[in-house]
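J.: Starting off with a structure, shown below.
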Amino acid sequence: EETLTGADVVVIPAGVPRKPGMTRDDLFNTNASIVQTLVEGCAKFCPDAVIAIISNPVNSTVPIAAEVLKKHGVYNPRKLVGVTTLDVCRANTFVANSQGWDPKEVDVTVIGGHAGITILPLFSRVDGAKFSEEELEAITVRTQFGGDEVVAAKAGAGSATLSMAYAGYIFTENVLKALRGEEVTQCAFVESDLTEAEFFASPVKFGKDGVEDVLPLGELSAYEKGWFDKMLPELKKQIQKGVDFVNK
C-alpha cells in the first residue's frame, strides 16, 4: 500500500529468470502468480497508474494484468503496456553491426509479441540499409532468439539483466516524458485492434494519459508477411493462456 499509493507509473520486472533450455513460457506458472498479485495491489492502491510489465512471458502476463484489472473494475487499456523495448535495442544493434552504423542512429520498428517467433523486426523500413537474404534471415532470427543466446552464455546464472534494465529505463523514461506532456512514440505491447490478436506490439503514441494512439501497421514486405502469418496463431495462444489463468 505504502509503495503503490500515489504512483503514476508502476514497472513490474518481478519473477524468476530463464535457465538454459527454458522458453519464456516455461516461466509461466511462477511469474503468472507474481504478476497477478502485484497487479491486484495496483488495482487497489494506484488504479490510475501506467503499469509497465516486463515479467516474462510478456505475451501472457499483460493479458493476466488486464483480466485482474477488469475484475477490480479499473481496467484502462491506455494504462497497461508490455515492455518490448529490448527487442528494439537488439534489432538496432544488429542492423548497426551489419551496416557499420552507430546503433544510437538506428530505430527499428519491432511488432508482434515478446517471445521467439512472435517478435517481428521490420528491417525493410530501415532507410538506407541493404541486406542479403542470408543476412536478413540471420538478424531476424537473432532478434527473435537473442535472449536465448544470453541465457546460454550465462550457463544457468539467469537471463538478460543489464540490457533489460537499460531497455526498461528507456521505455519508462519515455512514458514519464509523455505524462509530462511531451509527444513520444515507441513500440509497446498493448491492447490493439490492428490484428486478430487482442494484444499486439507496434509503434504507439504516448501522451498525458498513457497510450494515446496505436499507430497503423502499414505495409509489410513479403518476407515479413511470411513471419507475420507464422507468428499470429502462436501469439493468440499465448495471450489466451494468460486470460485463462485468471479466469480458471
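J.: Name the single residue, out of those in region 159-173 being exposed (fewer than 14 other Cβ atoms within 10 Å of the Cβ) and not small (Gly, Ala, Ser), that is farthest from GLY15 (Cα to Cα).
T.: GLU173
J.: Counting just the residues of region 139-156 that are charged (D, E, K, R) and at pLDDT below 95, which one comes out most open to solvent (accessible area, probe 1.4 Å)? Step through it out loud before you land on a result.
T.: Within region 139-156, the subset charged (D, E, K, R) is 142, 148-149, 154.
Keeping just the survivors that are at pLDDT below 95 gives 148-149, 154.
Working: ASP148: 61, GLU149: 87, LYS154: 69 Å².
Step by step, filter region 139-156, then rank; the result is GLU149.
J.: Moving on to the next point. Going residue by residue through region 3-24, is there one that turns out to be among the acidic types (Asp, Glu) and farther than 22 Å from ALA165 by Cβ?
T.: no
J.: Could you check how many residues of region 71-112 are open to solvent by less than 20 Å² (accessible area, probe 1.4 Å), touching a residue at least 40 places away in the same chain (Cβ under 8 Å) and outside any strand (DSSP E or B)?
T.: 8
J.: Filtering region 7-44 down to residues that are assigned to a helix (DSSP H, G or I), touching a residue at least 40 places away in the same chain (Cβ under 8 Å) and open to solvent by less than 30 Å² (accessible area, probe 1.4 Å), which residue is farthest from GLY113 (Cα to Cα)? Walk me through how you get there before you give the answer.
T.: Residues of region 7-44 that are assigned to a helix (DSSP H, G or I), as a first pass: 24-44.
From what's left, touching a residue at least 40 places away in the same chain (Cβ under 8 Å): 24-25, 28, 32, 36, 41, 44.
Add one more test, that the residue is open to solvent by less than 30 Å² (accessible area, probe 1.4 Å), and what stays is 24, 28, 32, 41.
Numbers: ARG24: 12, PHE28: 15, ALA32: 17, GLY41: 25 Å.
Taking the candidates together, the pick is GLY41.
J.: Is it true that some residue in region 196-213 is out of contact with any helix residue (DSSP H, G or I) (no Cβ under 6 Å at 6 or more places or on another chain), among the aliphatic types (A, V, I, L, M) and more than 17 Å from VAL88 (Cβ to Cβ)?
T.: The answer is no; no qualifying residue exists.
J.: Pull out all pairs, ordered by first then second residue, where Cβ-Cβ is under 6 Å, the residues are six or more apart or on different chains, the first lies in region 211-222 and is among the β-branched types (Val, Ile, Thr), and the second is part of a helix (DSSP H, G or I) and open to solvent by 40 Å² or more (accessible area, probe 1.4 Å).
T.: From region 211-222, the pairs are VAL211/ARG78.
J.: Also, I was wondering about something else. Looking at ILE117, ILE170 in this structure, which one is touching a Ser or Thr at 6+ places or on another chain (Cβ under 6 Å), modelled with pLDDT of 95 or more, on the phi < 0 side of the Ramachandran plot and aliphatic (A, V, I, L, M)?
T.: When all the criteria are applied, what remains is ILE170.
J.: Is it true that ASP48 is at pLDDT 95 or above, assigned to a loop (DSSP other than H, G, I, E, B) and either polar (S, T, N, Q) or loosely packed, with under 15 Cβ neighbours inside 10 Å (or both)?
T.: Numbers: at pLDDT 95 or above: yes; assigned to a loop (DSSP other than H, G, I, E, B): yes; either polar (S, T, N, Q) or loosely packed, with under 15 Cβ neighbours inside 10 Å (or both): yes.
Judged against the criteria, ASP48 is a match.
J.: Which one of the conditions (1) more than 20 Å from LYS19 (Cα to Cα); (2) open to solvent by less than 10 Å² (accessible area, probe 1.4 Å); (3) in a helix (DSSP H, G or I); (4) in contact (Cβ under 8 Å) with a residue 60 or more places away in the chain does LEU136 fail to meet, given that it meets all the rest?
T.: Condition not satisfied by LEU136: (2).
J.: Please go through region 194-246 and give me each residue that is under 22 Å from PRO57 (Cβ atoms), open to solvent by 50 Å² or more (accessible area, probe 1.4 Å) and either of a type in the set (D, E, K, R) or in a strand (DSSP E or B) (or both), ordered by number.
T.: GLU196, GLU198, ASP229, LYS230, GLU234, LYS236, LYS237, LYS241, ASP244
The values are calculated or read from the model by the stated rules, or taken from the named source; none is laboratory data. In this text the structure is predicted, and so the values were computed from the model without any measurement. Please note: Cβ atoms are built from the backbone with ideal geometry, for glycine as well, and neighbour counts cover all protein chains shown. Areas reflect the complete protein model, heavy atoms only, side chains present, ligands, DNA and RNA absent. Shrake-Rupley method; radii C 1.70, N 1.55, O 1.52, S 1.80 Å.
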